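Every read-out reported here was derived from the displayed coordinates using simple, explicitly stated rules and does not represent laboratory data. Bear in mind that the values here come from a model prediction, so they are computed numbers and not experimental data. All Cβ positions, even for glycine, are placed from backbone atoms using ideal geometry, and neighbour counts span all protein chains on display.
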Amino acid sequence: MPAPAPLPPDAAPGRTEDTVRVFWFDGQHAQGRPARLRLEEESVQVLDAVTGRVLTACPARQARWTERTQGGTRTVTLADGSSAESLDRAAWDAWAATHLQAVRPESLVVRAQQSGRRTLLALLVLGVLLLAAYRWGLPLMARGVVTLIPPRIDAMVGDSALQSVEGQLLAPSRLPAARQAALTQRLQAGMAALAPASGARPTYRLLFRSAPRMGPNAFALPGGTIVLLDELVTTAGNDDDMVLGVLGHEMGHVVHRDGMRQLVQTSALGVVAAAAFGDYASFVTMAPVLLLNMGYSRGAEHQADVYSVRFMRAAGISPQAMVRFFERMQALSHEKGAASRPSRLGIAFSSHPATVDRIAFFQAAARGAQP
């Protein structure tokens, strides 16, 4: 584009103190024309730099003005598509401060970004807000979004996640059928005893599987599927109360829909879009991968422990059973040492509150403290 001709001296007739020198581009030619910009009764006017004749004009509020920054040019685009540009930022800013503020006051953001200290303060405030949104806003949003997701979606996600690990992480259970039946009946009896107090029975199914790589564990999937691993039952030995306490914990995740809530938090934007527009296909597709690589929050784990205490009391089991479970898990962890890298999925691992705190919680519950 040809360079605009240099501006002539301040020769325009009339009130030159009310104008600022610019180059005017009429939208038809590449060459900028020396001109002056003036505000007259809330109208922005482009004047010929020599004769002072009005070349074009439009209401100031209809013009598009560039924001004041520490660099760059100052430009205004008029309603007819023409534009006026000033390379002298200091002159433009002085003129705008006197004449433009009345019809187009600068926003707080524009004023703040002129100061390095204010910009730094704004960044700090933004960081605090983002941290607060992550710490409190995201879980709150997740609870709200989960209420919008039909329970059938939970089942679809849980079934998809189960299919993704069947044959890879999970193998058929080797527990005797009689042992499986006994544990299933005790879980059913405990849930039936808890139902009058809780007011409802959650829909669930208990599956028995083997997974040596996951160690002694159990986990709940969205939709109510609870997977109990042979390795946990074997570790418990003849202490079925210990196994039932773990199942009560996983049942707490089912009741609170913790799997879906954590999944929503992990993929917040996609879930919000799915809830808003009803397209769950992509969400269901990516859910298994997310489920197998995330852990529950400490708050969710504590609530599941609280539910476990309620379940055990209804089933006539002392919460001391969970103390024995965690003490045994600690002993196994010390035996395996740092070489052990268990999955995040399930009750026994690092996403949970500190084991010492959980032991203290169940010991207090065994003494009769209210959870």
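Remark: the Arg152-Ala178 segment gains 6.2 nm on full extension, using 0.36 nm per residue and subtracting the alpha carbon distance. Taking a point 7 Å out from the Cα of Glu42 in the direction of its Cβ, the residues of the range 62-86 whose backbone N falls within less than 20 Å of it are 62-66, 77-80.
One decimal place: the segment Thr66-Arg89 gains 7.1 nm when fully extended, by the rule 0.36 nm per residue minus the C-alpha distance. Taking Lys and Arg as +1 and Asp and Glu as -1, the other residues whose beta-carbon sits under 12 Å from that of Ala193 total +4. With both labels modelled 7 Å from their Cα along Cα-to-Cβ, the Arg117 to Arg213 distance reads 5.8 nm. For Thr51 and Ala97, the FRET efficiency from 1/(1 + (r/R0)^6), where r spans their Cβ atoms and R0 equals 41 Å, is about 0.90.
In terms of the mean number of neighbouring beta-carbon atoms within 10 Å, the peptides 315-321, 220-226, 207-213 order highest first as 220-226, 315-321, 207-213.
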